[in-house]
Amino acid sequence: MTQKPKLKEADLYQPIHNYFKRKGYDVYGEVKDCDIAVVKDEMLIIVELKLNLSVDLLIQATKRQRLTEHVYVAIPKPKKHNPRSKKWRDTCHLLRRLELGLILVSFTEKRTRVEMALEPTPFHRPISMGKGKYLRQAIIKEINGRSANYNIGGSSRKQIMTAYRENCIQIASYLEQHGELSPKALVQMGTGKKTQSILSKNYYGWFVRIKRGVYELSDKGKLEIKQYPELVEYYRR
């Protein structure tokens, strides 16, 4: 069985050359360190070729933006290309932020296909910030719901101390200290408006309803809150 020759960056040149030629552009290879220079009237387009997206490619392409606003990066289309995947959407978001275009080149036995995946267009930061409004609010709300910083940035396997978990620990600490309590009594002690929801949903299995409107700490809760001695002591004070 004959093995296919390994793809090279230069293999991307001819399909892209032909694509722009069909659209009436003049196309030139290797002009002043640019992989491909495309011209029509006063418009200059620069295309940088690589076998995959990399930081080096993005640096190279953004440097070309000193010469023209029409800069593309071109790569072979990934074999398992999924335009709806989070990784691909994040990649496209980064390219849009950098105001770079993206060209995908598909190689098959019958033909080669060039696809303009992204056009180099101005990035509108205010619009992007508007879309992130609710996420920003959620971050501020989460921070305001924490009593202190109990997490180490970059941790992947360690359990994260969220505002919700801390609220549960607060309720558990009061139940352990005072015994049976109603949601109303807990709220008066400062556990917040989510108290009833936390007790009824009982996400961690820490609470037991012993009668209508009265809760106590479960055996599981007594055991597991020992993992948070600093927080328990903080709320007991």
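General observations
- Scanning the stretch 8-18 finds no residues that are basic (Lys, Arg) and either buried (at least 18 other Cβ atoms within 10 Å of the Cβ) or at positive phi (or both).
- Qualifying positions in the stretch 191-215 - buried (at least 16 other Cβ atoms within 10 Å of the Cβ) and in a strand (DSSP E or B): 207, 208, 215
- In the stretch 48-73, residue surrounded by the most Cβ atoms within 10 Å (Cβ to Cβ) [restricted to those that are within 19 Å of residue 6 (Cβ to Cβ) and within 23 Å of the chain's Cα centre (by Cα)]: 57
- Within the stretch 167-195, the set of residues being without any contact (Cβ under 8 Å) to a residue 40 or more places away in the chain and acidic (Asp, Glu) comprises 180 only.
- The residues on offer are 172, 138, 185, 148, and the sole one that is in contact with a Gly (Cβ under 8 Å, 6 or more places away or on another chain) and either part of a helix (DSSP H, G or I) or modelled with pLDDT under 80 (or both) is 172.
- If you filter the stretch 216-237 down to residues that are among the charged types (D, E, K, R) and outside any helix (DSSP H, G or I), you find that the one that is farthest from residue 146 (Cα to Cα) is 216.
Conditions (1) among the aliphatic types (A, V, I, L, M); (2) modelled with pLDDT of 95 or more; (3) under 22 Å from residue 96 (Cβ atoms); (4) not assigned by TED's automatic domain parsing to the domain that holds residue 107, marked per residue:
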| residue | (1), (2), (3), (4) |
| --- | --- |
| 19 | no, no, yes, no |
| 22 | no, no, no, no |
| 38 | yes, no, yes, no |
| 42 | no, no, no, no |
| 52 | no, no, yes, no |
| 58 | yes, no, yes, no |
| 68 | no, no, yes, no |
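- Residues satisfying the stated conditions in the stretch 166-194, i.e. in contact with a Ser or Thr (Cβ under 8 Å, 6 or more places away or on another chain) and either closer than 21 Å to residue 142 by Cβ or not hydroxyl-bearing (Ser, Thr, Tyr) (or both): 166, 167, 170, 171, 183, 186, 187
- Residue 104 in a helix (DSSP H, G or I) and hydrophobic (A, V, I, L, M, F, W, C): no
- Test: residue in the stretch 117-134 that is within 22 Å of residue 15 (Cβ to Cβ), modelled with pLDDT under 90 and in a strand (DSSP E or B): no
- Criterion (touching a strand residue (DSSP E or B) at 6+ places or on another chain (Cβ under 7 Å) and not hydroxyl-bearing (Ser, Thr, Tyr)) met by exactly one of 94, 98, 104: 104
- Test: residue in the stretch 29-36 that is closer than 18 Å to residue 119 by Cβ and either among the acidic types (Asp, Glu) or surrounded by 15 or more Cβ atoms within 10 Å (Cβ to Cβ) (or both): yes
The values are calculated or read from the model by the stated rules, or taken from the named source; none is laboratory data. If you're wondering where the values come from, they're calculated on a predicted model, not measured in any experiment. FYI the Cβ positions are ideal-geometry reconstructions off the backbone, even for glycines, and counts take in every protein chain you see.
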